[in-house]
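Worksheet: one structure, shown below.
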Amino acid sequence: MTNSPGAQDLILQIALPVPLNRLFDYLPPPDCDPALLQPGVRLLVTFGKTRMAGLLLGLSQVSDCEPGKLKPALALLDQSPLLSPDDLDFLHWVSRYCHYPYGQVLLGALPVALRQGKPAAAKRELEYFLTEAGREMQPEQVKRSPAQQALLRLLLEHPSPQPAANLSAYPAAVKSLVKKGWLTSRPQALPRAPGDAPSLPANPEQQQAIDDLIGKLGRFSVNLLHGVTGSGKTEVYMQVIAQALARGQQVLALLPEISLTPQLEHRFRQRFRHVIVCSHSGLNETERLAAWQAMRQGEADIMLGTRSALFTPLQRPGLIILDEEHDVSFKQQDGLRYSARDIAIARAKHLATPVVLGSATPSLESLHNAQRRRYHLLSLPQRAGSAAAPGVHLLDIRNKPLHAGLSEPLLAAVRATLAAGRQTLLFLNRRGYAPVQICHACGWVARCRHCDANLIIHAGERRLRCHHCGAAQALTEICPACKTGALQALGVGTERIEWQLRQMFPDKNIVRLDRDTTQQKGALQDFLQQIASGAADIILGTQMLAKGHHFPGVTLVALLDVDSGLFSIDYRASERLAQLIVQVAGRAGRAEDPGQVLLQTRHPEHPLLQTLLSGGYSAFAEAALRERAAAGLPPFSRQALLRASAPTLEAAEAFLSRLAASLKPLTPPEVNLFGPVPAPMSKRAGRYHSQMLLQSRARRPLHALLDQIETLLDKMKKPKGLRWSLDVDPIDLY
Ligand code: ADP
Ligand code: ZN
Ligand code: ZN
């Protein structure tokens with residue numbers, strides 16, 4: 001071994017949260033112990049004019065920078081690495097797969113508090129307990145201090161660790177006993193959940209899935225748990241989790257939506273006598289840091305969270321679960337555009353653990369992978385317990401009178417359900433009062449000035465709102481174009497249906513659940529409570545309702561408009577519509593009552609609806625996969641979308657055209673370049689969007705080309721105001 005160099009000979013290679021795909025060289029901070037300079041510690045540095053926390057990745061003796069120009073880092077922020085070499089390795093893979101700068105991936109994977117350079121130790125109250133020497137003492141031996149004697153007596157009588165608050169009457173005595181070596185302290189242990197509910201006796205299908213998954217603990221596997229809504233997937237998760245916990249392993253359970261976490265957390269707390277932490281955007285910085293640290297240090301056993309929880313370091317990893325795996329919320333749509341589903345699989349592989357993807361309506365990607373035996377398929381085709389599946393019927397509304405979008409047969413069903421004392425759930429994926437405001441005289445339509453979009457009428461607040469950029473203006477009654485015509489509301493949104501229902505059923509409790517009614521903290525939970533307690537008679541809402549909530553009292557479910565999903569330009573629209581129908585339908589008849597599901601449509605003969613009704617989701621998926629295969633679309637090909645936006649469409653397009661020109665000679669025959677073309681909604685928030693699609697039958701040539709794009713983009717001159725992004729495996733081409 002050579003002599004270890006002094007700190008001052010070393011050059012630190014630091015990753016910074018900046019959009020450049022490289023590391024930055026710094027000198028060690030003054031008076032820094034070189035032994036502490038380990039990969040994975042944070043350092044505070046100046047970059048340009050700003051200070052930021054970076055992550056040390058390596059040490060070197062040489063730098064490409066002139067020696068005199070290297071700046072010392074300002075301070076070492078951690079005494080030991082925050083991320084292990086394994087974590088760094090995994091995040092490097094993420095950076096390469098998503099083609100996103102490593103520094104931004106790394107720092108972005110840390111809780112916000114750590115990104116901002118705050119201390120890594122989570123603040124926690126201390127608890128005190130006697131040392132071995134302390135336990136051998138008799139209170140009588142402490143003659144001179146009555147306070148110390150009383151404290152010692154107290155601690156001998158209560159041998160369990162005492163929170164600092166319990167000893168606050170003896171501040172001086174605590175210090176003295178600690179000094180004598182009789183008393184010591186440590187951060188208070190995290191509380192365990194009660195976990196006093198027994199597991200349910202599994203039905204044969206559940207048991208098969210449970211046994212299979214338990215047999216796979218300890219090594220990597222990808223498992224798709226396809227279970228109809230109410231089939232008891234959660235029960236399967238919980239029994240497998242119990243086994244992982246019994247082996248001393250940690251579990252990561254991911255949900256697409258923050259609103260789903262309280263329900264699952266409650267079930268987990270009842271079941272497991274372990275330390276359960278949560279991680280989602282509803283928690284503050286301190287809470288998220290504490291949860292992150294608790295998993296990293298192995299003090300917590302289960303983390304329940306939304307997609308970003310996936311990056312939490314685990315001390316004893318055992319199992320990763322991704323519930324509602326089909327949900328588009330698992331894809332991050334800005335910054336690092338990752339699919340939590342794909343990253344979870346990569347993470348599980350890295351950690352050598354099984355990953356379980358669960359859904360009643362698996363994504364076509366996952367079903368395809370299961371067919372090709374890349375994923376192991378586990379099926380729960382029946383509802384658990386006694387609940388029967390709901391009957392699904394089409395309501396042909398062609399030429400039928402509608403009352404705010406509600407047909408007469410539907411209203412009759414609502415009345416019957418109310419009379420039976422049951423709950424009704426109405427679904428429409430359009431919030432606001434009406435999607436169009438039009439002049440009856442001249443045909444003028446209220447448009448957003450900043451977007452290619454209509455303004456939506458919000459009658460309650462008497463405003464027009466753009467749902468794309470947030471622009472808002474007061475509602476007027478006279479047409480601004482012809483100055484005489486009266487303005488009318490065209491079409492139906494949830495607000496209008498609520499208004500209509502209140503007219504028709506004045507003495508019923510109508511609950512509207514959409515982004516407008518659930519803005520306030522706690523509002524959604526309050527509504528869910530009203531639904532659960534039976535206080536709500538009619539529940540009306542947007543896609544929020546389609547996510548895994550349980551509504552056991554609901555026996556009538558209606559989708560008011562399925563037609564808009566049947567004729568979209570987005571090739572994924574039919575998959576989304578089928579998932580939506582099956583998911584919303586799954587809210588009905590969960591208890592003993594078999595429910596009824598009504599779909600209002602003007603296209604009752606449409607093949608998607610017919611296949612779904614006669615053969616269920618699996619039949620739909622088979623047909624949809626055949627169509628995708630024929631068209632060469634994902635999952636039968638891989639895509640990446642390059643988006644650019646600028647103050648004018650010309651600037652955005654010119655930029656992509658230049659890129660396309662440099663790219664063409666590099667493009668292998670397997671990869672097709674499409675575009676640039678204006679984005680489906682080109683003007684958004686005053687900026688113009690253009691895009692270029694790359695598609696390839698195989699992943700490798702596409703990613704090789706993406707590597708080259710990165711280099712090209714770094715070198716290319718960008719016009720003022722231009723922004724670009726790269727989306728690998730995009731889930732919408734918008
Ligand atoms: P999923 O997650 O598939 O929608 P859940 O796990 O939430 O289904 O189960 C739906 C309902 O069925 C719950 O009320 C659950 O307690 C019940 N359940 C699940 N498994 C069983 C079982 N083996 N026996 C009886 N009831 C069950
Ligand atoms: Zn007019
Ligand atoms: Zn707008």
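Which members of the stretch 218-238 meet the condition of being away from ligand 1 (no atom under 14 Å from the Cβ) and out of contact with any helix residue (DSSP H, G or I) (no Cβ under 6 Å at 6 or more places or on another chain)?
Of the residues in the stretch 218-238, the ones away from ligand 1 (no atom under 14 Å from the Cβ) are 218-223.
Correct list: G218, R219, S221, N223.
Check the stretch 403-419 and report whether any residue there is without any contact (Cβ under 8 Å) to a residue 60 or more places away in the chain, in contact with a Ser or Thr (Cβ under 8 Å, 6 or more places away or on another chain) and more than 16 Å from ligand 1 (Cβ to nearest atom).
Checking the stretch 403-419: not a single residue is without any contact (Cβ under 8 Å) to a residue 60 or more places away in the chain, in contact with a Ser or Thr (Cβ under 8 Å, 6 or more places away or on another chain) and more than 16 Å from ligand 1 (Cβ to nearest atom).
Among the residues of the stretch 411-470, how many are within 16 Å of ligand 2 (Cβ to nearest atom) and of a type in the set (D, E, K, R)?
The qualifying residues number 1.
Conditions: (1) loosely packed, with under 14 Cβ neighbours inside 10 Å; (2) in a strand (DSSP E or B); (3) not basic (K, R). A53 meets all but one. Number of the miss?
(1)
Does G460 satisfy the criteria of being in contact with a helix residue (DSSP H, G or I) (Cβ under 8 Å, 6 or more places away or on another chain), open to solvent by less than 10 Å² (accessible area, probe 1.4 Å), away from ligand 1 (no atom under 16 Å from the Cβ) and touching a residue at least 24 places away in the same chain (Cβ under 8 Å)?
Details: in contact with a helix residue (DSSP H, G or I) (Cβ under 8 Å, 6 or more places away or on another chain): yes; open to solvent by less than 10 Å² (accessible area, probe 1.4 Å): no; away from ligand 1 (no atom under 16 Å from the Cβ): yes; touching a residue at least 24 places away in the same chain (Cβ under 8 Å): yes.
It is false that G460 is in contact with a helix residue (DSSP H, G or I) (Cβ under 8 Å, 6 or more places away or on another chain), open to solvent by less than 10 Å² (accessible area, probe 1.4 Å), away from ligand 1 (no atom under 16 Å from the Cβ) and touching a residue at least 24 places away in the same chain (Cβ under 8 Å).
In the stretch 589-611, what residues are open to solvent by less than 60 Å² (accessible area, probe 1.4 Å) and in contact (Cβ under 8 Å) with a residue 60 or more places away in the chain?
G589, R590, A591, D593, G595, V597, L598, L599, Q600, T601, P604, L609, listed by residue number.
Kindly indicate whether any position in the stretch 440-447 is surrounded by fewer than 20 Cβ atoms within 10 Å (Cβ to Cβ) and within 16 Å of ligand 3 (Cβ to nearest atom).
First, the residues of the stretch 440-447 that are surrounded by fewer than 20 Cβ atoms within 10 Å (Cβ to Cβ): 440-445, 447.
If we keep only those that are within 16 Å of ligand 3 (Cβ to nearest atom) as well, we get 445, 447.
Looking through the stretch 440-447, at least one residue is surrounded by fewer than 20 Cβ atoms within 10 Å (Cβ to Cβ) and within 16 Å of ligand 3 (Cβ to nearest atom).
So if I check each of L545, L540, which one is under 23 Å from L599 (Cα atoms) and part of a strand (DSSP E or B)? Before the answer, list the steps.
Values: L545 fails: part of a strand (DSSP E or B).
Among L545, L540, only L540 is under 23 Å from L599 (Cα atoms) and part of a strand (DSSP E or B).
Tally up the residues in the stretch 612-626 that are under 29 Å from the mean Cα position of the chain (by Cα) and either closer than 19 Å to T229 by Cβ or open to solvent by 40 Å² or more (accessible area, probe 1.4 Å) (or both), please.
8
Considering only the stretch 19-37, I want to know if a residue exists there that is open to solvent by less than 10 Å² (accessible area, probe 1.4 Å), in a helix (DSSP H, G or I) and among the small types (G, A, S).
Looking for residues that are open to solvent by less than 10 Å² (accessible area, probe 1.4 Å), in a helix (DSSP H, G or I) and among the small types (G, A, S), one finds none in the stretch 19-37, hence no.
Any idea how many residues of the stretch 471-492 are surrounded by fewer than 16 Cβ atoms within 10 Å (Cβ to Cβ), in a strand (DSSP E or B) and within 16 Å of ligand 2 (Cβ to nearest atom)? Please lay out each step first, then the result.
Pass one, the stretch 471-492, residues surrounded by fewer than 16 Cβ atoms within 10 Å (Cβ to Cβ): 472-474, 476-478, 480-484, 486, 488, 490.
Imposing the further condition that a residue be in a strand (DSSP E or B) reduces the set to 472-474, 478, 486, 488, 490.
Now drop any that are not within 16 Å of ligand 2 (Cβ to nearest atom), which leaves 478, 486, 488, 490.
Count: 4.
Taking the conditions exactly as written (away from ligand 3 (no atom under 16 Å from the Cβ), touching a strand residue (DSSP E or B) at 6+ places or on another chain (Cβ under 8 Å) and not assigned by TED's automatic domain parsing to the domain that holds R415), does G460 satisfy them or not?
Working: away from ligand 3 (no atom under 16 Å from the Cβ): yes; touching a strand residue (DSSP E or B) at 6+ places or on another chain (Cβ under 8 Å): no; not assigned by TED's automatic domain parsing to the domain that holds R415: yes.
When the stated conditions are applied, G460 does not pass them.
Taking the options G421, G385, name whichever one is open to solvent by 40 Å² or more (accessible area, probe 1.4 Å), at pLDDT below 95 and outside the structural domain of A536 (by TED's automatic domain parsing).
Result of the check over G421, G385: G385.
How many of the residues in the stretch 639-668 are in contact (Cβ under 8 Å) with a residue 60 or more places away in the chain, in a helix (DSSP H, G or I) and open to solvent by 50 Å² or more (accessible area, probe 1.4 Å)?
Of the residues in the stretch 639-668, 1 are in contact (Cβ under 8 Å) with a residue 60 or more places away in the chain, in a helix (DSSP H, G or I) and open to solvent by 50 Å² or more (accessible area, probe 1.4 Å).
The values are calculated or read from the model by the stated rules, or taken from the named source; none is laboratory data. Being a predicted model, the structure only gives us computed values, none of them experimental. We place every Cβ from the backbone using ideal geometry, glycine too, and count neighbours over all the protein chains shown. Ligands, DNA and RNA are excluded from the accessible area calculation, which covers all protein heavy atoms including side chains. Shrake-Rupley method; radii C 1.70, N 1.55, O 1.52, S 1.80 Å.
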